[in-house]
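Report on the following structure.
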Amino acid sequence: EGVASEKSWKEEILNVNQYTVTKDGTPGLFENSFLERNLWDKVYARLIALVPYCPEEKYLVHGDYGFNNLLVQNSKVTGVIDWECSMYGDFVYDIAWLSFWSKDYDFEKLYKEHCELTHKKISHFDERVLCYKLCIGLGSLSFFAYSRQKEKYEASKQKLLKLL
């Protein structure tokens with residue numbers, strides 16, 4: 001129906017900043033957790049620089065795509081579950097999600113190889129993936145800070161530092 005919390009996909013990506021503040025003016029995560037403002041600001045500034053590369057075409061995005069949300073039978077995907085984080089936006093976001101969280105596969109490389117084989121061109125693919133990985137990383141930092149999961153926070157922080 002075209003109803004969304006933000007007017008555009010780019011605004012949705014930039015909205016990751018909402019997780020650091022409270023709406024009622026009480027202290028937010030920077031004041032009440034181990035979320036680091038300097039790190040956040042550095043990553044968010046890079047995200048702002050990359051968001052112009054993100055297109056506004058709308059695709060169905062799962063938002064939490066991974067092996068834990070796939071049903072497989074005889075080596076074929078038969079279903080995708082857990083659509084709680086789904087949204088309309090850039091399909092490259094799901095590739096970035098897989099890439100950010102994977103330890104075993106280079107999903108960016110695999111998708112680029114697929115595109116070469118199918119002669120599909122994706123404009124600004126690298127910039128878009130990096131933008132979304134930074135967004136995903138910031139979201140994970142805020143979640144792990146909020147839920148006091150210091151070890152997972154540090155792991156996400158290290159991923160972000162490597163991306164910068």
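Looking at (1) part of a helix (DSSP H, G or I); (2) β-branched (Val, Ile, Thr); (3) farther than 21 Å from Lys133 by Cα, which is the only condition Val51 fails?
So the condition that Val51 fails would be (3).
Using beta carbons and a limit of 7 Å, which pairs, at least six apart or on different chains, have the first residue in the stretch 91-104 and closer than 10 Å to Ile136 by Cα and the second one at pLDDT 95 or above and among the small types (Gly, Ala, Ser)?
Phe100/Gly137
Looking at the stretch 108-118, is at least one residue in a helix (DSSP H, G or I), farther than 22 Å from Asn15 by Cβ and hydroxyl-bearing (Ser, Thr, Tyr)?
Within the stretch 108-118 (the criterion being in a helix (DSSP H, G or I), farther than 22 Å from Asn15 by Cβ and hydroxyl-bearing (Ser, Thr, Tyr)), the answer is yes, since at least one residue qualifies.
Taking the stretch 119-162, which residues are modelled with pLDDT of 95 or more, more than 26 Å from Glu56 (Cβ to Cβ), open to solvent by 70 Å² or more (accessible area, probe 1.4 Å) and touching a helix residue (DSSP H, G or I) at 6+ places or on another chain (Cβ under 9 Å)?
Scanning the stretch 119-162 gives Lys150, Glu151, Lys152, Leu161.
Being open to solvent by less than 60 Å² (accessible area, probe 1.4 Å) and of a type in the set (Asp, Glu), is that true of even one residue in the stretch 66-88?
Taking every residue of the stretch 66-88 in turn, none turns out to be open to solvent by less than 60 Å² (accessible area, probe 1.4 Å) and of a type in the set (Asp, Glu).
Hey, does the stretch 28-35 have a residue that's open to solvent by 90 Å² or more (accessible area, probe 1.4 Å) and assigned to a loop (DSSP other than H, G, I, E, B)?
So far as the stretch 28-35 goes, no, none of its residues is open to solvent by 90 Å² or more (accessible area, probe 1.4 Å) and assigned to a loop (DSSP other than H, G, I, E, B).
List every residue pair whose Cβ atoms sit under 7 Å apart, with the two residues 6 or more apart in sequence or on different chains, where the first one lies in the stretch 142-164 and is part of a helix (DSSP H, G or I) and the second, anywhere, is open to solvent by 60 Å² or more (accessible area, probe 1.4 Å) and of a type in the set (D, E, K, R).
Phe144/Lys152
If you take the residues in the stretch 36-62 that are farther than 26 Å from Arg148 by Cα and either among the polar types (S, T, N, Q) or out of contact with any Asp or Glu (no Cβ under 8 Å at 6 or more places or on another chain) (or both), which one is least open to solvent (accessible area, probe 1.4 Å)?
Per the stated criteria, the residue is Val51.
Just to be sure before I move on: is Tyr111 among the hydroxyl-bearing types (Ser, Thr, Tyr) and within 15 Å of Pro55 (Cα to Cα) in the structure I sent?
Criteria not met by Tyr111.
Taking only pairs six or more apart or across chains, which ones have beta-carbon atoms under 7 Å, a first residue in the stretch 29-56 that is under 19 Å from His124 (Cα atoms) and modelled with pLDDT of 95 or more, and a second residue that is assigned to a loop (DSSP other than H, G, I, E, B) and of a type in the set (D, E, K, R)?
Cys54/Asp90; Pro55/Asp90
Determine whether the stretch 92-109 contains at least one residue that is of a type in the set (Val, Ile, Thr) and surrounded by fewer than 16 Cβ atoms within 10 Å (Cβ to Cβ).
no
The values are calculated or read from the model by the stated rules, or taken from the named source; none is laboratory data. Keep in mind that this is a model prediction, so the values were computed, not measured. Don't worry about glycine lacking a Cβ; one is built from the backbone with ideal geometry, like all the others, and counts go over all protein chains shown. Surface accessibility is based on the protein's heavy atoms, side chains included, excluding ligands, DNA and RNA. Shrake-Rupley method; radii C 1.70, N 1.55, O 1.52, S 1.80 Å.
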